1. Given 25 °C and 0.890 mPa s, how large is the Stokes-Einstein diffusion coefficient of the chain in µm²/s, with Rh as the Kirkwood radius over Cα pairs?
2. Using alpha carbon centroids, what distance separates the range 46-87 and the range 93-112, in Å?
3. Using Cβ counts within 10 Å as a stand-in for footprinting exposure, how do 96, 71 rank, fewest first?
4. Restricting to DSSP H runs of at least four residues, report the calculated mean residue ellipticity at 222 nm for the chain, -39500 (n - 2.57) per run over all residues, nearest 500 deg cm²/dmol.
5. Pairs of Cα atoms under 8 Å, at least six residues apart: use those to get the relative contact order of the range 13-99, whole percent.
6. Would you calculate the convex hull of the Cα atoms in the range 26-86 and tell me its volume per residue in Å³?
7. For the chain, what proportion of DSSP beta bridges, expressed in % and rounded to the nearest 5, is antiparallel?
8. Of the residues 46, 93, 30, which exhibits the maximal mean-square fluctuation in a Gaussian network model of the chain defined by a 10 Å Cα contact cut-off?
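A short reminder: the numbers here are calculations on the coordinates, not readings from a lab. All values reported here derive from a predicted model rather than from experimental measurement. All Cβ positions, even for glycine, are placed from backbone atoms using ideal geometry, and neighbour counts span all protein chains on display.
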């Protein structure tokens, strides 16, 4: 993504993955975001790809492309998330990005 340059600087939309984990840990979970401009949302609406009323979950809205600004935004939010366990922190991160373990249920024989 650092080398990505949108063809139209004020009208683009793409999905991006971020690996986020606990500080000091080698492991991380994936979170997915749609990064787009207001003009792209309007063009998607006009093409019929977006309903008149839509939720904005997993959406990072930008007015121009700046990789460092996007990384700073996600990193800043991640740093602000606190919890006693990684699951508590990741659940807070999942409020803004789609977590790979959203709706995951641990297997147990009683859940068959």
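1. Result for D is 155 µm²/s.
2. 20 Å
3. 71, 96
4. Using -39500 (n - 2.57) per qualifying helix, the result is -8000 deg cm²/dmol.
5. Rounded, it is 30 percent for the range 13-99.
6. On the way: hull volume 7.5 nm³, N = 61.
Cα convex hull per residue, to the nearest whole number: 122 Å³.
7. On the way: 10 of 13 bridges.
Close to 75 percent.
8. Looking only at 46, 93, 30, the biggest GNM fluctuation is shown by 46.
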